[in-house]
Amino acid sequence: MRSYDLAVLQEPHIYRMTEVCAHYGESILDIMHEQLGDGIMSAIDFKLTVEQIKGDKGKDRVLMTWNGKFLPHIEQTV
């Protein structure tokens with residue numbers, strides 16, 4: 001579901017996910033470009049897995065894996 005409803009963004013988990021993208025998005029993009037080259041991750045062919053794991057101090061943590069098809073940048077020529 002695509003949504004920009006401000007009421008949805010006030011839900012704590014969705015807000016935190018948005019915050020992660022806002023704070024770390026540029027760094028994630030830099031790493032993707034360094035490892036894969038210039039391109040984007042597709043949200044069409046996309047899978048997300050969520051797991052509960054134990055952290056270093058035994059506390060519960062969430063491990064989310066975003067698995068999206070990489071679409072390399074292709075220069076358009078006329």
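The values are calculated or read from the model by the stated rules, or taken from the named source; none is laboratory data. Note that the structure is predicted; figures quoted are calculated from it, not measured. Cβ coordinates were reconstructed from backbone atoms using ideal geometry, including for glycine residues, and neighbour counts include every protein chain displayed.
Going residue by residue through the stretch 3-16, is there one that turns out to be modelled with pLDDT under 95, outside any helix (DSSP H, G or I) and acidic (D, E)?
yes
Kindly indicate whether S27 is of a type in the set (G, A, S) and not in a helix (DSSP H, G or I). Walk me through it before giving the result.
Numbers: of a type in the set (G, A, S): yes; not in a helix (DSSP H, G or I): no.
Spelling it out, it is not the case that S27 is of a type in the set (G, A, S) and not in a helix (DSSP H, G or I).
Take the conditions within 11 Å of the chain's Cα centre (by Cα), farther than 15 Å from G68 by Cα and either surrounded by 11 or more Cβ atoms within 10 Å (Cβ to Cβ) or of a type in the set (D, E) (or both) and apply them to Y15. Does it pass?
Working: within 11 Å of the chain's Cα centre (by Cα): no; farther than 15 Å from G68 by Cα: yes; either surrounded by 11 or more Cβ atoms within 10 Å (Cβ to Cβ) or of a type in the set (D, E) (or both): yes.
For Y15, the condition - within 11 Å of the chain's Cα centre (by Cα), farther than 15 Å from G68 by Cα and either surrounded by 11 or more Cβ atoms within 10 Å (Cβ to Cβ) or of a type in the set (D, E) (or both) - is not met.
Restricting to the stretch 30-58, count the residues that are assigned to a strand (DSSP E or B), exposed (fewer than 10 other Cβ atoms within 10 Å of the Cβ) and not aliphatic (A, V, I, L, M). Steps first, please.
Residues of the stretch 30-58 that are assigned to a strand (DSSP E or B), as a first pass: 39-54.
Subsequent filtering for residues that are exposed (fewer than 10 other Cβ atoms within 10 Å of the Cβ) retains 44, 47-54.
Now restrict to residues that are not aliphatic (A, V, I, L, M): 47, 49, 51-52, 54.
Residues meeting the conditions: 5.
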